[in-house]
Amino acid sequence: DALEDLRGRLPERFALWHPLSQAQYLETALLLPHYILSAQGDRVAMAHAVEGRFPFLDHRVVEFASRLPPRKKLRSLAEKAILRRSLGRFLPERVVKRAKQPYRAPDSQCFFRPSPAYVEELLGPEGVAQTGWFEVQAVSRLVRKCRLGNTPLGFRDNMALVGMLSVQLLERLFCRNAPNP
């Protein structure tokens with residue numbers, strides 16, 4: 001059981017920690033090394049001969065931050081409160097006060113300006129019908145909406161299109177064209 005395996009790897013007094021400390025520990029132990037640094041940081045940078053510098057991962061910064069009480073780290077759900085307070089005098093006020101802007105992977109628009117041939121092959125009615133994973137009409141409506149681009153697409157539509165395109169591509173690469181044993 002995956003949950004039991006995780007519980008077995010947690011520090012002894014983990015259940016007594018503040019919820020913010022628990023969340024930070026889990027993200028640091030599980031997400032940071034195996035996903036964030038690997039897929040979005042170090043591995044990607046090194047693949048292009050770039051040596052990344054991650055100042056907030058300096059052991060002294062991490063040790064200092066781990067000693068701060070949770071109430072100092074998060075004020076009224078204002079993210080990055082410590083950075084905003086300590087470095088605010090060096091930045092324009094509009095930067096200090098703006099909401100956090102998360103990184104977003106390329107969304108559906110990058111597949112339609114211009115549209116590569118493989119997108120039409122995979123998401124066109126024939127390609128969708130051939131795999132049978134999705135409803136042809138639903139995919140056609142979403143593709144049309146994305147292609148027109150007159151209305152801003154929401155997170156759900158963007159992720160749906162990228163997800164469908166990924167499934168269609170994986171189907172072609174690993175199922176349809178896979179050699180039969």
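Of all the numbered requirements in (1) within 30 Å of ARG85 (Cα to Cα); (2) part of a helix (DSSP H, G or I), VAL119 misses one, and that requirement is (1).
This table checks each residue for (1) more than 30 Å from ALA15 (Cβ to Cβ); (2) in contact (Cβ under 8 Å) with a residue 40 or more places away in the chain.
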{"residue": "PRO33", "(1), (2)": "no, no"}
{"residue": "ARG53", "(1), (2)": "yes, no"}
{"residue": "LYS72", "(1), (2)": "no, no"}
{"residue": "ARG75", "(1), (2)": "no, no"}
{"residue": "ALA81", "(1), (2)": "no, no"}
{"residue": "SER86", "(1), (2)": "yes, no"}
{"residue": "LYS97", "(1), (2)": "yes, no"}
{"residue": "PRO102", "(1), (2)": "no, no"}
{"residue": "PHE111", "(1), (2)": "yes, yes"}
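Every residue in region 113-145 that is touching a residue at least 40 places away in the same chain (Cβ under 8 Å) and closer than 30 Å to VAL44 by Cβ, please. If the condition is that a residue be touching a residue at least 40 places away in the same chain (Cβ under 8 Å) and closer than 30 Å to VAL44 by Cβ, then TYR118, VAL119, LEU122, LEU123, GLY127, THR131 are the ones that fit. In this structure, is ALA2 among the small types (Gly, Ala, Ser), under 30 Å from LEU165 (Cβ atoms) and loosely packed, with under 10 Cβ neighbours inside 10 Å? So ALA2 passes the test.
Each row is one residue, and each column tells you yes or no for (1) surrounded by 12 or more Cβ atoms within 10 Å (Cβ to Cβ); (2) of a type in the set (Val, Ile, Thr); (3) farther than 30 Å from ASP5 by Cα.
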{"position": "THR28", "(1), (2), (3)": "yes, yes, no"}
{"position": "PRO33", "(1), (2), (3)": "yes, no, no"}
{"position": "ASP42", "(1), (2), (3)": "yes, no, no"}
{"position": "PHE56", "(1), (2), (3)": "no, no, no"}
{"position": "ARG67", "(1), (2), (3)": "no, no, no"}
{"position": "ARG85", "(1), (2), (3)": "yes, no, yes"}
{"position": "LEU91", "(1), (2), (3)": "yes, no, yes"}
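No lab work stands behind these numbers, since they all come straight from the coordinates. Keep in mind that this is a model prediction, so the values were computed, not measured. Cβ sites come from the backbone with ideal geometry, for glycine too, and all protein chains shown count toward neighbours.
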